[in-house]
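Q: Pasting a structure here, questions to come.
The values are calculated or read from the model by the stated rules, or taken from the named source; none is laboratory data. Computed from a predicted model, the values in this text were never measured in an experiment. Positions of Cβ are backbone-derived with ideal geometry, glycine not excepted, and every protein chain shown enters the neighbour counts.
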Amino acid sequence: MAVSLWKSLLQTTKSRLFLQRGVSLYNGVHGFEEEAIKKKLQQFGGGSINLSKEDHGIRVLTLNNPKQMNAFTGTMMLELQERVTELENWKDGKGLIIHGAENTFCSGSDLNAVRAMSSSEDGMNMCMFMQSTLTRLKRLPLISVAVVQGKALGGGAEFTTACDFRLMTPGSEIRFVHKQMGLVPGWGGAARLVQIVGSGVALKLLSGALRVDPERAVHLGLAEETLPSSDETRSLEEAQAWLNKYTKAPAEVIQAVKKVVTAGRELQLEAALRAEKDIFGTVWGGPANLQALAQSTKRK
Ligand SMILES: C[C@@H](C(=O)O)C(=O)SCCNC(=O)CCNC(=O)[C@H](O)C(C)(C)COP(=O)(O)OP(=O)(O)OC[C@H]1O[C@@H](n2cnc3c(N)ncnc32)[C@H](O)[C@@H]1OP(=O)(O)O
């Protein structure tokens with residue numbers, strides 16, 4: 001009796017915690033020194049992470065450091081965390097498109113920063129910082145799509161897996177180059193890749209540092225489709241049209257859909273069921289539900 005009560009309490013706590021915003025994956029118990037790593041990252045400037053204004057419930061996040069093929073500098077890592085916090089607090093959001101400036105996605109960490117932060121302590125702190133931010137990004141109650149133009153390499157490839165979907169433009173590639181640097185992914189990219197394509201394919205992509213072109217990515221289930229255009233403006237419009245198919249409903253409904261799917265992916269069955277119950281409770285009898293009930297019974 002006491003054991004099952006304890007188990008039940010633990011699962012309820014887990015599903016509640018999971019629904020909270022802004023929760024870091026790591027803290028002092030894990031040796032994470034957030035303030036120290038933020039200070040360090042501040043020293044490696046350049047580029048920016050830009051967030052567009054909302055348009056029909058969709059915003060566009062741009063990785064903007066084209067001089068370095070959109071490599072992630074320290075300040076971009078810090079800005080990403082700020083933008084994710086902003087998105088967590090966006091009440092009317094439905095979708096997010098992520099792309100890189102000037103026709104390429106992202107070439108991973110800024111190698112100049114990586115060279116200067118090669119101590120184990122810095123490496124572990126940066127790893128925990130980025131894992132935490134990208135986990136929060138993936139958990140956003142928005143449908144997120146990475147538009148991969150040009151190259152997504154190393155951390156850039158990992159970043160694409162923090163989105164719900166990937167759309168690729170003709171001639172683009174996703175490549176986990178970590179092995180060639182004597183590394184493995186550290187931004188959560190390996191764990192997410194296994195969830196997306198399964199462990200066998202993930203093992204091949206990582207151990208072979210394979211170039212994944214759009215055709216192969218679609219075949220492996222890594223990408224949804226190849227967009228017709230490689231032009232930056234047009235491919236973004238195409239991605240927006242693709243996303244529109246999945247965001248045609250009030251924001252609270254789309255957000256609830258994303259939350260139940262995230263719960264199903266991340267929690268154990270009983271905790272996921274409890275989270276689903278809580279989320280269901282937020283839409284049952286809500287405006288969209290009442291409006292649908294008042295209309296015809298046929299779903300067209
Ligand atoms: C391990 C992981 C992690 O942290 O977990 C990581 O992501 S480590 C990073 C993993 N990524 C990589 O190893 C990618 C390294 N970069 C490349 O392989 C290449 O630059 C390509 C991205 C394929 C682009 O080749 P392409 O010949 O088209 O252009 P390019 O090499 O002249 O690059 C244009 C300019 O961008 C710079 N650049 C490119 N990638 C960079 C990066 N990751 N960090 C810092 N600078 C970078 C180049 O040095 C060059 O600067 P200048 O014009 O001043 O010469």
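Q: Tell me which residues, restricted to region 20-77, are basic (K, R) and within 17 Å of the chain's Cα centre (by Cα).
A: Selection gives R21, R59.
Q: Specify the residue that is nearest to the ligand (Cβ to nearest atom); the eligible residues are those in region 75-97 that are free of Cβ contacts under 8 Å to residues at least 40 places away in the same chain and either farther than 20 Å from I58 by Cα or aliphatic (A, V, I, L, M) (or both).
A: Across region 75-97, the extreme among qualifying residues is M76.
Q: While we're looking at this one, here's another question. Tell me which residues, restricted to region 119-157, are crowded, with 21+ Cβ neighbours inside 10 Å, more than 29 Å from D92 (Cβ to Cβ) and of a type outside the set (G, A, S).
A: N125, M126, M128, K151, L153
Q: Can you list the helices (runs of 4 or more DSSP H) found entirely within region 98-204 that contain at least 3 residues being near the ligand (Cβ under 9 Å from one of its atoms) and either of a type outside the set (D, E, K, R) or touching a residue at least 24 places away in the same chain (Cβ under 8 Å) (or both)?
A: Correct list: 111-116, 120-139, 155-160.
Q: A190: crowded, with 18+ Cβ neighbours inside 10 Å and farther than 21 Å from P66 by Cα, yes or no?
A: Taking the combined requirement at face value, the residue satisfies it.
Q: Here's something else I'd like to know. Could you please find all residues in region 165-174 being buried (at least 21 other Cβ atoms within 10 Å of the Cβ) and of a type outside the set (A, V, I, L, M)?
A: Answer for region 165-174, where residues must be buried (at least 21 other Cβ atoms within 10 Å of the Cβ) and of a type outside the set (A, V, I, L, M): R166, T169, S172.
Q: May I pose another question? Please go through (1) in contact with a helix residue (DSSP H, G or I) (Cβ under 7 Å, 6 or more places away or on another chain); (2) in a loop (DSSP other than H, G, I, E, B) for T262 and return the number of the only condition it doesn't satisfy.
A: (2)
Q: What single numbered condition from (1) in a loop (DSSP other than H, G, I, E, B); (2) closer than 20 Å to G186 by Cβ; (3) of a type outside the set (V, I, T) fails to hold for M77?
A: Of everything listed in (1) in a loop (DSSP other than H, G, I, E, B); (2) closer than 20 Å to G186 by Cβ; (3) of a type outside the set (V, I, T), M77 misses just condition (1).
Q: Pick from V218, V283, V257, V261: which is in contact with an Asp or Glu (Cβ under 8 Å, 6 or more places away or on another chain), surrounded by 12 or more Cβ atoms within 10 Å (Cβ to Cβ) and either modelled with pLDDT under 95 or closer than 25 Å to V147 by Cα (or both)?
A: Just a single option satisfies the conditions, and that option is V218.
Q: Read through the list (1) more than 29 Å from A36 (Cβ to Cβ); (2) more than 9 Å from the ligand (Cβ to nearest atom), then give the number of the only condition that P66 fails.
A: Failed condition: (2).
Q: Just to check your reading of the model, which residue among N103, N89 is modelled with pLDDT of 95 or more and under 18 Å from the mean Cα position of the chain (by Cα)?
A: After ruling out the rest, the residue left standing is N89.
Q: Would you say T233 is under 30 Å from A101 (Cα atoms) and in a loop (DSSP other than H, G, I, E, B)?
A: no
Q: Here's another thing I want to ask about it. Looking at L9, is it among the hydrophobic types (A, V, I, L, M, F, W, C) and modelled with pLDDT of 95 or more?
A: So L9 does not fit the description; no.
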